[in-house]
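Readers should treat all values here as calculations from the given coordinates under stated rules, not as data from a laboratory. This one's a predicted model, so the numbers in the text were calculated from it and none came from an experiment. All Cβ positions, even for glycine, are placed from backbone atoms using ideal geometry, and neighbour counts span all protein chains on display.
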Amino acid sequence: MLLRDAEYRDLPQIVEIVNALLSTTTIEWTDAPYTLENRERWLSYHRNGGEPVLVAELNGELAGFASYGDFRDSKKWPGYRFTVENTIHVRDKYWRRGIGHALIEALVERASNSGKHAMIAAIDADNTASIALHARCGFIEVARIPAVGWKLQRWLSLILMQRFVSGGRGAGHLAVL
């Protein structure tokens, strides 16, 4: 497996991965499929902001991708500037092969090297695979927000998980709430 920074040539596969389960699951709380054009803007935004978009490649095929960005809006609320929120997607045929773990650890390293303090994962409460993956990577559940989203004709609950990274302002420790 090769972990590397995403390139514009990766965007068709990124769009394919993120759209694969969009209409049938609550992995992402949107109904509108992603397009190549909005993923181009997304990649440009991350690159211009110094935020990573990483891909995991196996034999020329993208197995998954991950990125992080602002948690909330750090321009409006600069107190959040040392905290980031991650996103990770792995092609379903590659689930449970360590790809998600490798992508998250690479993101944590990038966040640490960028002087970040904490990483947040906002996960649909029914996405037990992502919750378990993040827990294996050292994330701890810090909040559960019931019935805050709507998709597939039902209310959805959100779980926030957090991990401190080593490069931020001072060491932090989480206790299970």
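Leaving out same-chain residues fewer than 8 places away, which aspartates and glutamates sit with a Cα under 20 Å from that of K75?
In chain and number order, the partners are E51, E85.
Normalised by the residues of the range 2-117, what does the relative contact order come to in percent, with Cα pairs under 8 Å and at least six apart?
Details: 149 pairs, mean separation 27.4, N = 116.
Relative contact order for the range 2-117 comes out at 24 percent.
Give, as a single signed number, the net charge of other residues whose beta carbon lies under 12 Å from the beta carbon of G60, with Lys and Arg counted +1 and Asp and Glu -1.
Its environment carries a net charge of -2.
Rounded to the nearest 500 deg cm²/dmol, what is the calculated helix-only ellipticity per residue at 222 nm for the chain, with -39500 (n - 2.57) per DSSP H run of length n ≥ 4?
Numbers: 4 runs with 46 residues, N = 177.
Computed ellipticity for the chain at 222 nm equals -8000 deg cm²/dmol.
Spelling out what I want: for every residue of the range 125-139, take phi, set θ = phi - 60°, compute 6.51 cos²θ - 1.76 cosθ + 1.60 (Karplus), and round to whole Hz; glycine and proline get x.
4, 7, 8, 5, 5, 5, 4, 5, 4, 5, 4, 5, 8, x, 7
How would you rank R39, R136, going from fewest to most other Cβ atoms within 10 Å of each one's own Cβ?
Ranked by crowding around the Cβ, least crowded first: R136, R39.
Distance between Cα centroids, the range 1-51 to the range 103-159: provide it in whole Å.
Using only Cα atoms, the two centres lie 17 Å from each other.
What are the lysines whose alpha-carbon lies under 26 Å from the alpha-carbon of K76, with same-chain residues fewer than 8 places away excluded?
Straight-distance partners of K76: K116.
Give the order of K151, K75, K116 when sorted by the count of other beta carbons within 10 angstrom, beginning with the fewest.
Listing K151, K75, K116 from fewest to most nearby Cβ atoms yields K75, K151, K116.
Give me the percent of DSSP beta bridges within the chain that run antiparallel, rounded to the nearest 5.
Just about 90 percent of them are antiparallel.
Projecting each Cα onto the charge dipole of the chain (Lys/Arg +1, Asp/Glu -1 at the beta carbon, about the Cα centre), which of F65, P12, H101 comes out farthest on the positive side?
With unit charges placed on the Cβ atoms, the residue in question is H101.
Explain nothing, just compute: Karplus ³J(HN,Hα) = 6.51 cos²θ - 1.76 cosθ + 1.60, θ = phi - 60°, for every residue of the range 77-83 in order, whole Hz, x for Gly and Pro.
10, x, x, 8, 5, 9, 10
Taking the beta-carbon count within 10 Å as an exposure proxy, list Y45, Y68, Y94 from fewest neighbours to most.
Sorted ascending by nearby Cβ count, the order is Y45, Y94, Y68.
Starting at the first residue of the range 43-60, write each ³J(HN,Hα) from the Karplus equation 6.51 cos²θ - 1.76 cosθ + 1.60 with θ = phi - 60°, in whole Hz, x for Gly and Pro.
5, 4, 4, 5, 4, 5, x, x, 9, x, 10, 10, 10, 10, 10, 10, 6, x
Taking Rh as the Kirkwood radius, which is the inverse of the mean 1/r over Cα pairs, what is the Rg/Rh value for the range 1-77?
0.98
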